[in-house]
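The values are calculated or read from the model by the stated rules, or taken from the named source; none is laboratory data. Note that this is a predicted model, so its numbers are computed, not measured. So basically every Cβ, Gly included, is an ideal-geometry build from the backbone, and we count neighbours across all protein chains shown.
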């Protein structure tokens, strides 16, 4: 049995963290970095209209069930190497907390039309790290996985992170019923750094 077979992702992340740190120090002790499997997520009510819709705000600081980003960045010493992305949309009551919405139920095909040509954008420090059509994320998922695989992307500590939906200018808002709204859940799979003791 090859012990390292299921450790490949961890080894890639460790190398990625060290290479990034060697180019520009992002950790206090670069030789004490250890990756752990993790996810970053944001769940939010969205208004579907043309243009951009931001999913992260600087004041939405690490609220369980809403987001585990540190506001709109990652705290000192916390870096994230992401290798997958997932997207879900659901209908919920307008006043519902994002974590009380059933994302497994999803939305109808007619309601999903609003997302057909929308993009999910990940940006840090004014650099676009990922821009993918929602349809590409949903259609690119691996069998038995909710994630579309990505090449490793590094989110570094203490730099502003933006997660946005970009809709076509005159996109038609879906019909969801009185008192209802559309919520989205975006998750990034990968490896988070922590300092070994």
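Residues that are more than 13 Å from residue 46 (Cβ to Cβ) and assigned to a strand (DSSP E or B) within the range 89-104 comprise just one, 93. The residue of the range 105-131 that is nearest to the chain's Cα centre (by Cα), among those that are farther than 26 Å from residue 72 by Cβ and in a helix (DSSP H, G or I), is 112.
For the structure I just gave you, tell me whether residue 165 is buried (at least 16 other Cβ atoms within 10 Å of the Cβ), touching a helix residue (DSSP H, G or I) at 6+ places or on another chain (Cβ under 7 Å), more than 25 Å from residue 19 (Cα to Cα) and at pLDDT 95 or above. Spell out how you get there, then give the answer.
Working: buried (at least 16 other Cβ atoms within 10 Å of the Cβ): yes; touching a helix residue (DSSP H, G or I) at 6+ places or on another chain (Cβ under 7 Å): no; more than 25 Å from residue 19 (Cα to Cα): yes; at pLDDT 95 or above: yes.
Taking the combined requirement at face value, the residue does not satisfy it.
Would you be able to say whether some residue in the range 106-124 is free of Cβ contacts under 8 Å to residues at least 40 places away in the same chain and closer than 30 Å to residue 18 by Cβ? Looking through the range 106-124, at least one residue is free of Cβ contacts under 8 Å to residues at least 40 places away in the same chain and closer than 30 Å to residue 18 by Cβ.
If you go through the range 54-88 and keep only what is in contact (Cβ under 8 Å) with a residue 24 or more places away in the chain, surrounded by 17 or more Cβ atoms within 10 Å (Cβ to Cβ) and outside any loop (DSSP other than H, G, I, E, B), you end up with 67, 73, 80, 81, 82, 83, 84, 85, 86, 87, 88.
Close Cβ contacts (under 9 Å, 6 or more residues apart or on different chains) running from residues in the range 18-29 that are farther than 11 Å from residue 79 by Cα to residues that are at pLDDT 75 or above and in a loop (DSSP other than H, G, I, E, B) comprise 24/156; 28/76; 28/77.
Looking only at residues that are in a strand (DSSP E or B) and surrounded by 16 or more Cβ atoms within 10 Å (Cβ to Cβ) in the range 23-38, which one is modelled with the lowest pLDDT? Full working, then the answer.
The initial filter retains those residues of the range 23-38 that are in a strand (DSSP E or B), namely 33-38.
With surrounded by 16 or more Cβ atoms within 10 Å (Cβ to Cβ) added as a condition, the list becomes 33, 35, 38.
Values: 33: 72, 35: 83, 38: 93.
Result: 33.
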